[in-house]
Amino acid sequence: MFITIDGGDGSGKGLQIDLIKKWFEDNRVDFVFFHDPGDTALGDAIRILLLDRCDLSICPKSELALFMASRAQLISEKIRPALQEGKTVLVDRYLLSTVVYQGYAVGNNEEEIARIWSIGRSLTDSVMPDLTFVLDCPPEVAFQRLNRDKDRIESKGLEYHRRVAQGYREAVRNWSKHAPGEAFLINADAAPEKVFEEIRNVLQTRLNQLKK
Ligand code: TYD
């Protein structure tokens, strides 16, 4: 099973990932965890260019291509082999992040969004998640949680991040037009245990189906 978790910056993704990992351990799910962008030598190098080098001018199409390249490498080196070994794969962010941050948030129309999905599906070799959890949180709330220095993407301002939040909602609404599997919009403006309860219910249902 291939699971991704996504959402705006400061949506509490890190904490939910820890809770999912713990739940997997408690339920003896054989899993591996990766982080997009990164987790390969090429991906780590690209990650530095994309996130840490605030001095570097990166045009929107280059930004899109670099995120896609890091992901293609992660699939080739880590995700596909793990899925072939029958492991459950949990990934922090995936193609949906590119669709939202490099698509919806820069004001792309539906046709351009469809093109990003299509390029993305092709560059992932159709290795697409069975389940995607999207943490939905207003950026005003989320940004208060980010009490550290912001990276290049986080520094893009509140308006950009409002479009990110809106983009996630639209992407989930239109999910079946562009991607296989299922996406769940989870209200993340709530106590972490409440947020995880929603995620756990979906995971439990899936696990029961697999055991049948
Ligand atoms: P990261 O430090 O990995 O953390 P987090 O997911 O905890 O925010 O930051 C990744 C940043 O890159 C984040 O601001 C979202 C952005 N991003 C994109 O703009 N496009 C993408 O395709 C991906 C995967 C991430």
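No lab work stands behind these numbers, since they all come straight from the coordinates. The structure presented is a predicted model; accordingly, all values stated were derived computationally and were not measured. Reconstructed Cβ throughout: ideal geometry from the backbone, glycine too, with neighbour counts over all protein chains shown.
State the Cα centre-to-centre distance between segment 167-208 and segment 28-105 in whole Å.
Here the answer is 20 Å between Cα centres.
What does the convex hull of the alpha-carbon atoms of segment 1-124 project to on average, in nm²?
Its average projected convex-hull area is 8.1 nm².
What list of whole percents do you get for P(r) of segment 118-160, with Cα-Cα distances grouped in 10 Å bins up to the one holding the largest distance?
All Cα pairs, binned at 10 Å, distribute as 20, 33, 30, 16 percent.
Say each of V141 and E112 gets a label point 7 Å from the Cα, pointing the same way as Cα to Cβ; how far apart are those two points in nm?
In this crude label model, V141 to E112 measures out at 2.9 nm.
I'd like to know which of A41, L95, N147 lies farthest towards the positive end of the charge dipole of the chain, counting +1 on Cβ of Lys and Arg and -1 on Cβ of Asp and Glu.
About the Cα centre, the residue reaching furthest to the positive side is L95.
Which trypsin sites (Lys or Arg not before Pro) in segment 97-149 pass both tests, a DSSP loop state and at most 16 other beta-carbon atoms within 10 Å?
R148
Pick from S57, S11, S76: which is most flexible by mean-square fluctuation in a GNM of the chain where alpha carbon atoms under 10 Å apart are linked?
Most flexible of the set in this elastic network: S57.
Which whole-number percentage describes the relative contact order of segment 48-202, with Cα contacts under 8 Å and a sequence gap of 6 or more?
For segment 48-202, the relative contact order is 28 percent.
In debye, nearest 20, what is the charge dipole magnitude of segment 1-133 about its Cα centre with +1 on Lys and Arg Cβ and -1 on Asp and Glu Cβ, if you could check?
Once rounded to the nearest 20, the dipole reads 140 debye.
What pairs from K13/K150; K22/K150; K22/K87; K61/K156; K13/K194; K22/K194 go past 18 Å between their alpha carbons?
With Cα atoms farther than 18 Å apart: K22/K150.
Given charges of +1 on the Cβ of Lys and Arg and -1 on the Cβ of Asp and Glu, with all other atoms neutral, how large is the dipole of segment 111-188 about its Cα centre, in debye to the nearest 20? If you can, show how the numbers build up before the last one.
On the way: 12 positive and 12 negative charges, 33 e Å.
Dipole about the Cα centre, nearest 20: 160 debye.
Report the dimensions of segment 75-152 along its three principal axes from the alpha-carbon atoms, largest first, rounded to Å.
The Cα atoms of segment 75-152 stretch 41, 33, 22 Å along their principal axes.
Report P(r) for the chain: all Cα-Cα distances, bin width 5 Å, range 0 to the bin holding the largest distance, values in whole percent.
Going out from 0 Å in 5 Å bins, the chain shows 1, 7, 15, 20, 22, 18, 11, 4, 1, 0, 0 percent.
Given a Förster distance of 41 Å, report the FRET efficiency between R169 and E85 from their Cβ-Cβ distance, rounded to the nearest 0.05.
Numbers: r = 35 Å, r/R0 = 0.85.
Taking R0 as 41 Å, the efficiency between R169 and E85 is 0.70.
What size of dipole, in debye to the nearest 20, comes out for segment 58-212 about its Cα centre when the only charges are +1 on Lys and Arg C-beta atoms and -1 on Asp and Glu C-beta atoms? Provide the component values of the computation, followed by the final result.
Values: 23 positive and 21 negative charges, 62 e Å.
Computed charge dipole of segment 58-212: roughly 300 debye.
Taking 22 Å as R0, compute the FRET efficiency from the Cβ-Cβ separation of L15 and D130 and round it to 0.05.
Taking R0 as 22 Å, the efficiency between L15 and D130 is 0.45.
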